[in-house]
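Okay, structure first, notes after.
The values are calculated or read from the model by the stated rules, or taken from the named source; none is laboratory data. Since the model is a prediction, treat every value here as computed from it, not as a measurement. Please note: Cβ atoms are built from the backbone with ideal geometry, for glycine as well, and neighbour counts cover all protein chains shown. What goes into the accessible areas is simple: the full protein's heavy atoms, side chains included, and nothing from ligands, DNA or RNA. Shrake-Rupley method; radii C 1.70, N 1.55, O 1.52, S 1.80 Å.
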Amino acid sequence: VRVPAWVPAGCRSGVVEVERSVTAVLGQDVVLPCRYRAQEQEQVVQVTWLKRGPAGRSAEVAVLNRQHGEHVQEPYAGRVLRRADGALEDGAIVLRN
C-alpha cells in the first residue's frame with residue numbers, strides 16, 4: 001500500500017495498519033489486510049497494492065480508487081477482490097486460490 005511520501009509541515013496524518021506477515025494455504029483464498037486510521041478531515045481516495053519481486057522490484061497488482069473503481073492487472077484478473085465495500089479506509093483485498 002502506498003501512503004503519501006510527503007505531509008505538509010504541521011499536518012498530522014493517520015496510520016496504516018497491516019499485518020507483518022500473512023500465512024496462506026496453497027489453493028485457498030487469503031485476505032491481505034490493510035486499514036488506514038484517518039485523522040479528522042482525511043479521506044482515502046486510492047489504495048495501490050504492489051507485489052515485490054526479485055531484486056526488490058515492485059509490480060502493480062491492483063488499484064482501488066474511490067472515483068474510478070477497481071483495476072486489477074491482468075495476471076491477477078479474477079483472483080483479486082476487494083474484501084469490503086464502502087470507504088477505502090479498509091483497503092484489504094482477497095487473493096483467490
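The figures follow:
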item: Condition met for residue 27 (open to solvent by less than 70 Å² (accessible area, probe 1.4 Å), modelled with pLDDT under 90 and not aliphatic (A, V, I, L, M)); result: no
item: Pair list, Cβ < 9 Å and 6+ apart or interchain, from region 20-40 residues that are farther than 16 Å from residue 93 by Cα and in contact (Cβ under 8 Å) with a residue 24 or more places away in the chain to residues that are outside any strand (DSSP E or B) and among the acidic types (Asp, Glu); result: 37/89; 38/89
item: Count - residues of region 58-81 that are open to solvent by 100 Å² or more (accessible area, probe 1.4 Å) and out of contact with any strand residue (DSSP E or B) (no Cβ under 9 Å at 6 or more places or on another chain); result: 1
item: Options 55, 84: the member that is among the small types (Gly, Ala, Ser) and open to solvent by 50 Å² or more (accessible area, probe 1.4 Å); result: 55
